[in-house]
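The values are calculated or read from the model by the stated rules, or taken from the named source; none is laboratory data. Predicted, not measured: the structure shown is a model, and the values here were computed from it. Heads up, the Cβs are rebuilt from the backbone with ideal geometry, glycines too, and the neighbour counts pull from every protein chain shown.
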Amino acid sequence: MDNSAKITWVECPRDAMQGWSRLFSFQEKVDYLQALSVVGFDLLDAGSFVSPRAIPQMAETAKVLSAVDWSVGKKPSVLVIVGNQQGAERALSHEAVDVIGYPFSLSETFQQRNTNRSREKALEDIEILADWSGKAKKEMVVYLSMAFGNPYGEVIPSGAYVDSLRALKEAGVSTVSISDTIGTGTPDTIYEKAIEAQTVFPSHQLGLHLHVSPGGAEKALEAAWNSGIRRFDTAIRGIGGCPYAQDRLVGNMPSEVLLSFLSEKKAVHGVSSDAFEKAYREALHFFT
């Protein structure tokens, strides 16, 4: 595979923060995002426009994004998660927001738990939000969650994965991030799912949002890389996980692992090692 292909690096403080045991203050969140904003990430998954009752850590997302000074250095594209049309309206009208993300699950159970709507209704929302995003001259990414299995014993019909990808393409979605929500993917299944997805979307429109167990990150990245995927979601120290998936949170792909992996591959990316080290030290204090 071509190591010179453009890397799209999505840092995910939102995913790291949302399930953390203590509530972060407004200023803590501003300061942490400020530190991440100058590292050189392509996108910063910085918050959620969802009910504060559902995700208390994201209650002040709009105010936090307004308080960050995005003029320092090269501004990353700011991505926020939405779960319905009301959240999308607020997100798309926010000056700092460049991309909205919407979770669409292969699991009906998880779709209900995560967004309080059926997969059918979620797909209707996606079609509307894709249209709104285009009119607002902003982007949209859909996270195809539970792509590697679910914890509910729910049997997903054969072909549902590709059928869902086709439905997303028909709805006007241009970017899909294949999500291993509970960290059950293996190098083989990661490679296979990524290759299968490319029968519907070209590789440059696909990403991977992997939750991984300790020690499994490097092999997962190697499999993803060999499949041609060049868009990766990470979080410093691997912190995070979805609180609506199951009781046990499985952490994100650690950013430091991806940085080391890309260095070994001699792949071109925009992340500054010095700025990353400063942000890593900030994370040590932030996540305590």
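Descriptive notes on the structure:
A quick yes/no check of all residues on (1) closer than 15 Å to Ala171 by Cβ; (2) buried (at least 21 other Cβ atoms within 10 Å of the Cβ); (3) among the hydrophobic types (A, V, I, L, M, F, W, C):
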position: Gly87; (1), (2), (3): no, yes, no
position: Arg90; (1), (2), (3): no, no, no
position: Thr109; (1), (2), (3): no, no, no
position: Ala136; (1), (2), (3): no, no, yes
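- The residues on offer are Val10, Val39, and the sole one that is assigned to a loop (DSSP other than H, G, I, E, B) and buried (at least 24 other Cβ atoms within 10 Å of the Cβ) is Val39.
- Hey, Asp45 in a strand (DSSP E or B), of a type in the set (Asp, Glu) and farther than 20 Å from Thr288 by Cβ or not: yes
- Residue match in the stretch 199-213 (condition: more than 19 Å from the chain's Cα centre (by Cα) and closer than 26 Å to Leu79 by Cα): yes
- Any hit, the stretch 205-214, residues being more than 20 Å from Pro187 (Cα to Cα) and modelled with pLDDT of 95 or more: yes
- Among the residues of the stretch 155-170, some residue qualifies, meaning at least one is acidic (Asp, Glu) and without any contact (Cβ under 8 Å) to a residue 40 or more places away in the chain.
- Check on Leu65, part of a strand (DSSP E or B), touching a Gly at 6+ places or on another chain (Cβ under 8 Å) and either surrounded by fewer than 21 Cβ atoms within 10 Å (Cβ to Cβ) or touching a residue at least 24 places away in the same chain (Cβ under 8 Å) (or both): no
- Matching residues in the stretch 13-35 - criterion: being out of contact with any strand residue (DSSP E or B) (no Cβ under 6 Å at 6 or more places or on another chain) and either outside any helix (DSSP H, G or I) or among the hydrophobic types (A, V, I, L, M, F, W, C) (or both): Met17, Gly19, Trp20, Ser21, Arg22, Leu23, Phe24, Ser25, Phe26, Val30, Ala35
- Taking the criterion of being over 24 Å from Gly207 (Cβ atoms) and hydroxyl-bearing (Ser, Thr, Tyr), the residues of the stretch 10-67 that qualify are Ser21, Ser25, Ser51, Ser66.
- Residue selection: Arg53 fails the criterion of being in a loop (DSSP other than H, G, I, E, B) and surrounded by 15 or more Cβ atoms within 10 Å (Cβ to Cβ).
Yes/no matrix, rows are residues, columns are (1) more than 19 Å from Asn252 (Cβ to Cβ); (2) out of contact with any helix residue (DSSP H, G or I) (no Cβ under 7 Å at 6 or more places or on another chain):
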| position | (1), (2) |
| --- | --- |
| Ile128 | yes, no |
| Met146 | no, no |
| Phe201 | yes, no |
| His204 | yes, yes |
| Pro214 | no, yes |
| Gly228 | yes, no |
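- For the stretch 172-193, taking the residues that are buried (at least 23 other Cβ atoms within 10 Å of the Cβ) and touching a Ser or Thr at 6+ places or on another chain (Cβ under 6 Å), the one that is nearest to Glu124 (Cα to Cα) is identified as Ser179.
- Filter result for Pro76 (touching a residue at least 60 places away in the same chain (Cβ under 8 Å) and out of contact with any His (no Cβ under 7 Å at 6 or more places or on another chain)): yes
- For the stretch 23-45, filtering for residues that are within 30 Å of Gln112 (Cβ to Cβ) and without any contact (Cβ under 8 Å) to a residue 40 or more places away in the chain leaves 3.
- Within the stretch 194-214, the set of residues being buried (at least 22 other Cβ atoms within 10 Å of the Cβ) and within 27 Å of Met58 (Cα to Cα) comprises Leu206, Gly207, Leu208, His209, Leu210, His211, Val212.
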